[in-house]
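For reference, the structure discussed in these notes is given below.
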Amino acid sequence: MMILLIIILLFLIYQHINKEVPILMYHRIADIPNDRNTVSPIMFEQQLQYLKKHGYTTISLQDLYHHFTLKSPLPSKSILLTFDDGYEDNLMNALPLLKKYDMTATVCIISNWIGQENNWEDYKNKPHCRTMELAQLQEWLKQGMFICAHTVNHPFLSRLNNEEKILHELVSCKSSLEQQLHIPIDFLCYPYGDFDNRVKNLAKQAGYKAALGIFKGTDFWRNDLFSLKRVVISSRQPLWEFALKVSSLHMLFIGMRILEYRIKQYRDLLPSTLLQRIFSKHGNKKDVNKNN
């Protein structure tokens, strides 16, 4: 019985992952050794070559949103590329390669950091660089790429104890980018992939259509538009590992991890009689074997 249940669960997960769209999470594209958040241009091109060779098509967050809400069809092997923070090297190094392989990407912009040097705490002991200026963001859009919001100041949103502060980060970023770029900003990327149900509800209240997380807290089964999973791509991953991360096998692994988390989270809510039946049956079998 237990083996059959596991087989059924694996089958359901596999059926689900075949419909999943991998969303890749990058930061910088530059020649900086020993920085896990920076992928070299050579490595990035190898990854794009792999995607092209294996029939992947890049889509936008708007495409994904319409797929979920309007059932709009997507290419059979769709993939979404995102860059957090909007560094200048995204334009200088990533854009030419994206154009070369006929692909698109979305940069996630922090409205107070436009055209600033990244001397914030995350990069205290790392090489500094600049984020894109307004004119560079406009060029990014002109080249057929996309932009989403990444808050005003890049805080851990769930750690803000005041809902007004959270709303300020969400609403002000959205309105500022819309005013400066003259485009609708409908999608959000949570800083550090950090959010909770309160943050999700406030993101909806702020007028966003969907939001990007990372792995933790995502909803594998319902495709929750406000906790979209992303796959972290770093400089420490060889091409075979990249290939694995965009594959169904990796999504199966994520699905099993989330399933394990959900079981632990909700097992106390299961009827105790059901649990007793399952474990008593297996216990009886063990007792019979011992007696034999």
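The values are calculated or read from the model by the stated rules, or taken from the named source; none is laboratory data. Quick caveat, the model's predicted, so the values are computed rather than measured. Virtual Cβ from ideal backbone geometry, glycine too; neighbours counted across all protein chains shown.
Values for this structure:
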quantity: Condition met for residue 65 (aromatic (Phe, Trp, Tyr), farther than 30 Å from residue 175 by Cβ, in a helix (DSSP H, G or I) and modelled with pLDDT of 95 or more); calculated: no
quantity: Residue list for region 135-188, filter: over 22 Å from the mean Cα position of the chain (by Cα) and within 16 Å of residue 84 (Cα to Cα); calculated: 136
quantity: Residues located in region 23-32, provided they are in contact (Cβ under 8 Å) with a residue 12 or more places away in the chain and either of a type outside the set (A, V, I, L, M) or assigned to a loop (DSSP other than H, G, I, E, B) (or both); calculated: 26, 27, 28, 30, 32
quantity: Tally, over region 139-152, of residues that are of a type outside the set (Phe, Trp, Tyr) and buried (at least 16 other Cβ atoms within 10 Å of the Cβ); calculated: 7
quantity: Residue in region 189-196 that is modelled with pLDDT under 90, under 20 Å from residue 69 (Cβ atoms) and of a type outside the set (Gly, Ala, Ser) present; calculated: no
quantity: Residue that is farthest from the chain's Cα centre (by Cα) [pool: residues in region 66-97 that are buried (at least 17 other Cβ atoms within 10 Å of the Cβ) and on the phi > 0 side of the Ramachandran plot]; calculated: 86
quantity: In region 156-173, the residues that are in contact with a Lys or Arg (Cβ under 8 Å, 6 or more places away or on another chain) and either of a type outside the set (A, V, I, L, M, F, W, C) or surrounded by fewer than 21 Cβ atoms within 10 Å (Cβ to Cβ) (or both); calculated: 158, 163
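Here's the yes/no breakdown for (1) closer than 23 Å to residue 134 by Cβ; (2) in contact with a Leu (Cβ under 7 Å, 6 or more places away or on another chain):
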| residue | (1), (2) |
| --- | --- |
| 152 | yes, no |
| 158 | no, no |
| 166 | no, yes |
| 172 | yes, no |
| 179 | yes, no |
| 182 | yes, no |
| 194 | no, yes |
